[in-house]
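Q: The structure's right below; bear with me while I get my questions together.
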Amino acid sequence: MSEANRPLLELTDISKQYAETVDSPITQVLRKINLTVMEGETVAVVGPSGSGKSTLLNIIGTLDRATAGRALLDGIDLATLNDSELARVRTCALGLIFQLHHLLPQCSVMENVLVPTLAGGPKKRAEQPVERAKRLLDRVGLGHRLGHRPGQLSGGERQRVAVVRAIINEPKLLLADEPTGALDRAAADNLADLLVELNREEQVALLVITHAMDLARRMGRILELSGGALVPLEVIA
Amino acid sequence: MNAVTMLQLAAKGLGFHRRHHLGVLIGATLATAILVGALAVGDSVRHSLREMAMARLGGVRVALNGQSQFFRMELARGLTQELKTNVAPVVNLRGTAASGGGDARVSGIQVMGVDDRFWVMAPHSRLPHSLYPAESVVLSQNLARALNAKIGDDVLLRVDKPSLLSRDAPLSTIEDSSVSLRLPVVDIVDDARFGRFSLAANQVPPFNAYIPMEFLQRKLGVEGRANLLLVGASPGKETTPVEATTAEATQALWKHWQLTDSGLELKPVPNKAEIELRTDRVFLDPPVGDAAVKAYPGAKGVLTYFVNELRLGARATPYSTVAATDMDPVPGGMADDEIVINQWLADDLVAKPGDRIRLTYWAVGPMRRLIAKMSDFRVKSIVPLAGTALDPALMPNIPGLADKKDCRDWEPGVPIDLDKIRDKDQAYWSAYRGAPKAFITLRAGQRIWDNRFGNLTAVRYAVSVAGAGSANPEQALPRVEACLRQSLSPASLGLFFAPVWEQGLNAGFQSMDFGMLFLGFSFFLIAAALILTALLFAFGVEQRAEEVGTLLAVGWTPRRVQCLLLIEGALVAFIAAVLGSLAAVFYTRAVVAGLTTVWKGAVASTSLQYHAELSTLAGGAAGGFLVALLSVWLVVRKQARLPARELLSGGQLAGIGGDAARKKAAGKGTGLPTAVAALGGALILVFTAMKADRDAGVEYFFGAGALFLIGGVALCRVILSRIERRVSGQALSLTSLGTRNTVRRSGRSLSAIGLLACGSFLIIAIGANRQDPTADAEKSSSGTGGFALYAESSLPVYQDLNSAEGLDAFGLNTEDLHGAVVVPMRLKEGDDASCLNLNRAQTPRLLGVNPSLLAERKAFSFGQVWPGVGANEASWTILNSPLKAGEIPAIGDQNTVTWSLGKSLGNTLDYADDRGVTRKLRIVGVLANSVLQGSLLISEDNFTKLFPRHSGYQTFLIDAPKGEAANVSKTLTKALEDVGLSTTPAPERLAAFNMVENTYLSIFAILGGLGLLLGSFGLGVIVLRNVLERRGELALLRAVGFRAKMLHWMVFSEHVMLLALGLLVGVVSAIVAVLPALRTPGVDTPYLSLTLTLLAVLVCGFIWTWAATSIAIRGPLLNALRNE
């Protein structure tokens, strides 16, 4: 685990409820969730299907809004931001990895990685996007496949491209929703290694939603979401 | 590798999703091709008209058309030297032609006397034409064809013989008004050699016969004179603005014009110290007379008239001249009822001072009707037949009189009884010629003999005054002439140049814009193509929910995603614009081919050539690009509104009629109020229309139909919404499942219904207005005015064809015409301002009619009447309304006023009268669709004031008893063969006009029908998308045991319901809109073609729906199930 120095993400009493229609009953998905993720920390959230893991990730990833509670990312209250500002947050501060890679089929590996840079990025970059993309792709073992299309890659390779795409804008927090869910065991292990290494090398905090305990165990903390509440999980090695 | 750009990303998307974009590309290409093609049709028409104008005018830039005025040929020579360009004098007259055997006859031809100066102005001259034999004729190709004449054949020409004095004028003769010429054809000329020469802006080629100038002049008795001057472009100045040429020509004309060019003569009076201005037209035009009198102090006007009789009691002196003047021998202060007679007359009548003498003379009424008039005068004094009382020069050059030595050879234009002429009369004539026997004051003479041709026959100038002391008239003559030239201008005497080249080009450029017309015709087709484009683009984007979700997830804003999609759509639109412009070339060629064959009625059988300006193609392509982009934008602006999480988890993007539209449609409940309001409004309008007058009713019904359409679509929305609510609570069945699916995408369903409803509405509403000219043709309120025949003559008819005397002149009696009544109209030649002329009429034809003749018959129907005339009801008498500032009230057919002249009710039109003065004609009434299309009508009184030199009638409306029209036509055509009378059944003439409109309607119906078919294809696309979206559901149904056939029928019936609803709403609305037309006898509703069009749409809708369902259900549905 990387060294933590200050809070990056602070969730306070986050709740989320849904109603299909005005007349239909309310479904409480999240109940007063409290969570703090420090800079460079790695956290895994596990739980059964339907427990609200993805909802939580969507709220953190600014793809959804909480019904109640406060979410601070790097000290910014997400509830106070409009849609454009939230998009800016996603561009600069967050990286998202999904169970499916969601690569643009019409674009090459390199182009897919660079797509987020079209939306913007940090004002001061440590390195230029193209150089960074090349370095990272080389780092994940895809340096020789920059011009390949997603259809020409294996599932593990596609997911690695998705990982590089997620960190191209030098985010502070990388969110991964079942990143190994669609991979075989070997590929899943490789991706888990990669995520942990990138956390260390790029100084990016990592929050992983997963069913896979193998992956979860490699994170600094494991939390379980059950019955709408988040509790630390004792892991028996 | 460089950083990726939006454009690159869009290009990648374009390439990757090329199959999705192919349909979009086809739709947008189609829209662009039709749009550009429509505009290029306009180019083709304009280009063809320009080519025709150039063939018509060749090298002619400006022209002076003297019409009935014949000027010296030397004028042309003077202008040639002055302008340093070719100036061709031409004798230009109307006539008829017959083949040598007389079996083919053509009226209304142009007979022209020309020489080489004319031929070199032809588009492609081929010298020398001077080698043509002196007595020969050259025919235009169309005339040769019409006469079936070949080179070497003889043709018989009858030419209007010019008369210096209007044949309507008192004392003029109508005998010998034409000349017959039998001539061999020595050449037949095509358009390149002036076969099409004409000054009138009309795409219909005129029939031309060219005769060597000198021979024709000799035959007509106008040696050394011409009535038309054509000025060519100066060498090296071909590009000089026409205004400059006109100004230069006018300046040169001023310099070289002489009084004699306008038929004026200034000469010393024999044996007197006087100079006299006289005219070979007998009467000096009033403005000329006024100007001539005012030119010098002491100038005296003279009006000498030919009287039938001077009577005192039982004694009478026949056929004498009487002069009205205020100079000697009329003493100063003589009363207007007094007369001075010479000794010879006093002796003949045994008169003495104080006796009352009665003057009997002819006045000419309308249609040359002679009216015998009498005036009594008291003898003031008797003067000896000497000195000022013996002045033969006072008699004007009365045709048939002045040149006769023997009284018994007199042939004036009035009936005379030669038996009354005594030996002493002959002796007087031999000794003193036309020396007046009596004198009255000028005021008295002008009171009794004033006519529209003038009130003076001469102006006398006393040399002692005019010559400033010189008593020698010969010496004073130049100075008098110089002063007169300062007072008179050639233009005031009817000699002025017109910029015919500019007018010809303007007529083409300002013609009916076929580009816009076809754009209108193609509107629905373009709209359908664009809707299809939008549908296909929307469906393509819907397939890319994951991609959009990803972009949003990585931080793109919805606006940026929309921008990316828009760029992608713009790229498609751009390619479509390029391809569409290329396809437009073929489309335009096809339309032009259609306009010269099956649709030739729309362009009056004009031969058109394909032509497209680069600017039109570029502009059209840009237009196509923009409208396609607009369609894409309408789709794109609704995209990327769903959250990324939904899109990434397989949510649908908002497409046309997507969930957002469904929620809006079902949730807000605006459908019912809209339906109620629109249908209620429709009923109110129908109710109002029942009470309104006929014309207003039409608009109300159309408004009601449009509201019905809106209400119908809104009602469909309500129905779909209600069905959705109803079936959602029902037990699940195959039927309810199908119905739910229909209403699930209610916005999409409403799009299909609306498209089909609008299309069928337009096609029926417009197609039902076809005109049938034969219906109610006998009614005076119809477009025929109740007249059976419309007739035109090449040469003027001077007689009253309703009188026994008039008919007798043509060898007819009243029985021959079976009681037919003729309404004659004077004709001022001009541009045909009917829909049969594609050019914009610059100077329309004018008809002069006696309003009361039409008013008492209540002939024709007025569309509108200008409130300024203050008429309580629409009537022809508004032509007599006095208007301010000398404006002339005019009436025109609606189509003529609106389309051919580009005017509307109350507008004014500038028109040059005989003296070159610009007069304003104000359009005070417009007629509903009528046989009078093509001309403006003014009252005969105003006509003769504007065109005093004009004579006779050339246009006729003939009312024949039922069943006798053919006989009357045959009889009149035969009897008036020499004047080239041609008759047309009035319904037939109306049909020719209606054919243009009806062809337009046919084109609209065909293009609209194609649009509707495209709309039905759009329905197929909707079906395909709906079913593809439901493949999982259908697979499940298959998996649980439903047969494929059953599912096929379920899906098919759902969508056929949309098709049926769309057509039903459209057809019912259209029927409401066209109810008045369906009940109007004159309207020829094409039930068969309309029914076939709608059936074709229905069948195509079935086919698309069935095909789309088959494609969607075909193949292993298990994959769909797995995908779920």
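Q: For the protein assembly as shown, give me the percentage of DSSP beta bridges that are antiparallel, rounded to the nearest 5 percent.
A: Values: 123 of 169 bridges.
Here the share of antiparallel DSSP bridges comes out near 75 percent.
Q: Based on the Cα gyration tensor of the stretch A:1-153, what are the three equivalent ellipsoid semi-axes, each the root of five times an eigenvalue, rounded to whole Å and given largest first?
A: Working: eigenvalues 203, 79, 49 Å².
The equivalent ellipsoid of the stretch A:1-153 has semi-axes of 32, 20, 16 Å.
Q: Does the stretch B:246-326 classify as rounded, prolate or oblate by the C-alpha gyration tensor (a ≥ b ≥ c root eigenvalues; a/c under 1.5 gives rounded; else a/b over b/c gives prolate, otherwise oblate)?
A: Numbers: a/c = 2.98, a/b = 2.35, b/c = 1.27.
Cα axes put the stretch B:246-326 in the prolate bin.
Q: Run through every distinct alpha carbon pair of the stretch A:93-237 and return the Kirkwood hydrodynamic radius in angstroms, one decimal place. Write down the numbers at each step before the final one.
A: On the way: mean 1/r = 0.0638 Å⁻¹.
So the Kirkwood estimate lands at 15.7 Å.
Q: When a footprinting reagent is the concern and you count Cβ atoms within 10 Å, what order do B:F787, B:F439, B:F1052, B:F701 take, fewest first? Walk me through the intermediate numbers first.
A: Working: B:F787 30, B:F439 33, B:F1052 20, B:F701 27.
Lowest to highest Cβ neighbour count: B:F1052, B:F701, B:F787, B:F439.
Q: 222 nm [θ] for chain B, helices only, -39500 (n - 2.57) per DSSP H run of 4+, per residue, to 500?
A: Numbers: 35 runs with 509 residues, N = 1124.
It lands at -14500 deg cm²/dmol.
Q: Could I ask something else about it? Take B:Y953, B:Y790, B:Y432 and order them by how many other Cβ atoms sit within 10 Å, fewest up front. Kindly include the intermediate steps, with their values, before the conclusion.
A: Numbers: B:Y953 26, B:Y790 22, B:Y432 17.
Ranking B:Y953, B:Y790, B:Y432 by Cβ neighbours within 10 Å, fewest first, gives B:Y432, B:Y790, B:Y953.
Q: Taking the Cα centre of the protein assembly as shown as origin, work out the dipole magnitude from +1 charges on Lys and Arg Cβ and -1 charges on Asp and Glu Cβ, in debye rounded to 20. Intermediate values should be presented prior to the final figure.
A: Values: 136 positive and 125 negative charges, 740 e Å.
Here the protein assembly as shown has a charge dipole of around 3560 debye.
Q: Still on this structure, please answer the following. Rounded to the nearest whole Å³, what is the per residue volume of the convex hull around the Cα atoms of the stretch B:28-130?
A: Enclosed volume per residue, from the Cα hull, is 203 Å³.
Q: Name the long-range amide H neighbours of B:G863: under 5 Å, sequence gap of 5 or more, or other chain; modelled H, no Pro or chain starts.
A: The answer is B:V926, B:L927, B:A928.
Q: Something else: Taking the radius of gyration and the Kirkwood hydrodynamic radius from Cα positions alone, what is the Rg/Rh ratio for the stretch B:445-563, to two decimal places? Please report the intermediate quantities before stating the final value.
A: Working: Rg = 40.3 Å, Rh = 24.0 Å.
Answer for the stretch B:445-563: 1.68.
Q: Hey, another quick one. Relative contact order for chain B using alpha-carbon pairs under 8 Å, separation at least 6, rounded to a whole percent?
A: Numbers: 2323 pairs, mean separation 166.1, N = 1124.
That works out to 15 percent.
Q: Further, regarding this structure: Where in chain B lies the longest segment free of trypsin sites (Lys or Arg not before Pro) that are both loop residues by DSSP (not H, G, I, E, B) and have at most 10 other Cβ atoms within 10 Å? Display every interim value, and only then the final one.
A: Working: sites that count: B:K150, B:K405, B:K668, B:K962, B:R1043, B:R1114.
Longest run free of exposed loop sites: B:669-961.
Q: I would also like to ask the following. Across the residues of A:116-127, average count of Cβ atoms on other protein chains within 10 Å? Provide the component values of the computation, followed by the final result.
A: Numbers: counts 6, 4, 12, 8, 4, 1, 0, 0, 0, 0, 0, 0.
Mean inter-chain Cβ contacts per residue within 10 Å come to 3.
Q: Follow-up. For chain B, take every pair of Cα atoms, bin their distances at 20 Å starting from 0, and report each bin as a whole percent.
A: Final binned percentages: 10, 31, 28, 17, 10, 4, 0.
Q: Further question: Send over the per residue convex hull volume for the stretch B:918-1024, Cα only, as a whole number of Å³.
A: Details: hull volume 22.4 nm³, N = 107.
Measuring per residue, one finds 210 Å³ for the Cα hull of the stretch B:918-1024.
Q: Provide the descending list of Cα extents for the stretch B:65-105 along its principal axes, expressed in whole angstroms.
A: Extents along the principal axes, in whole Å: 48, 20, 13.
Q: What number, in nm² with one decimal, is the all-direction average of the projected area of the convex hull of the alpha-carbon atoms of the stretch B:416-455?
A: Numbers: hull surface 16.3 nm².
Across all orientations, the stretch B:416-455 yields a mean hull projection of 4.1 nm².
Q: Could you derive backbone 3J(HN,Hα) for the stretch B:923-934 from the dihedral phi with the Karplus parameters 6.51, -1.76 and 1.60 (θ = phi - 60°), listing whole Hz in sequence and x where the residue is Gly or Pro?
A: 7, 9, x, 10, 9, 5, 1, 9, 6, 8, 4, x
Q: To the nearest whole number, what is the average tally of beta carbon atoms from other chains within 10 Å of the beta carbons of peptide A:99-108?
A: Details: counts 1, 4, 1, 10, 3, 9, 7, 12, 7, 3.
Mean inter-chain Cβ contacts per residue within 10 Å come to 6.
Q: Can you list the residues, at least 5 places off or on another chain, whose amide H is less than 5 Å from the amide H of B:E411, using H built in the peptide plane?
A: B:L401
Q: A further question on this structure: Over the C-alpha atoms of the stretch B:862-925, what are the Rg and the largest Cα-to-Cα span, Dmax, in Å?
A: Computed over the Cα atoms of the stretch B:862-925, radius of gyration and Dmax are 11.7, 35 Å.
Q: What pairs in B:K161/B:K945; B:K161/B:K437; B:K272/B:K294; B:K779/B:K970; B:K150/B:K828; B:K858/B:K884 have C-alpha atoms more than 29 Å from each other? Working shown, then result.
A: On the way: B:K161/B:K945 23 Å; B:K161/B:K437 33 Å; B:K272/B:K294 21 Å; B:K779/B:K970 23 Å; B:K150/B:K828 33 Å; B:K858/B:K884 27 Å.
As for pairs spanning more than 29 Å Cα to Cα, those are B:K161/B:K437; B:K150/B:K828.
Q: Provide B:L812, B:L75 in ascending order of the number of other Cβ atoms located within 10 Å of each residue's Cβ, fewest first. Write out the running numbers ahead of the final one.
A: On the way: B:L812 18, B:L75 25.
Exposure proxy ranking, most exposed first: B:L812, B:L75.
Q: With only alpha-carbon atoms in the gyration tensor, what are the semi-axes of the equivalent ellipsoid for the stretch B:526-593, in Å, largest first? Provide the component values of the computation, followed by the final result.
A: Values: eigenvalues 231, 29, 12 Å².
Working from the Cα gyration tensor, I get semi-axes of 34, 12, 8 Å.
Q: May I have the convex hull volume per residue, in Å³, for the Cα set of the protein assembly as shown?
A: Values: hull volume 336.0 nm³, N = 1361.
For the protein assembly as shown, the hull spanned by Cα atoms encloses 247 Å³ per residue.
Q: State the three equivalent ellipsoid semi-axes of the stretch B:185-312, derived from the C-alpha gyration tensor as the square roots of 5 times its eigenvalues, in descending order and whole Å.
A: On the way: eigenvalues 324, 109, 42 Å².
Ellipsoid half-lengths, sorted descending, are 40, 23, 14 Å.
Q: Then there is this: Please report, in whole Å, how far the alpha carbons of the stretch B:339-405 spread along each principal axis, starting with the longest.
A: For the stretch B:339-405, the Cα extents along the three principal axes come out at 40, 27, 17 Å.
Read-outs: derived from the displayed coordinates by stated rules, not from any lab. What you see is a predicted model; the values in this text were computed from it and never measured. Note: ideal-geometry Cβ built from the backbone for every residue, glycine included; neighbour counts use all protein chains shown.
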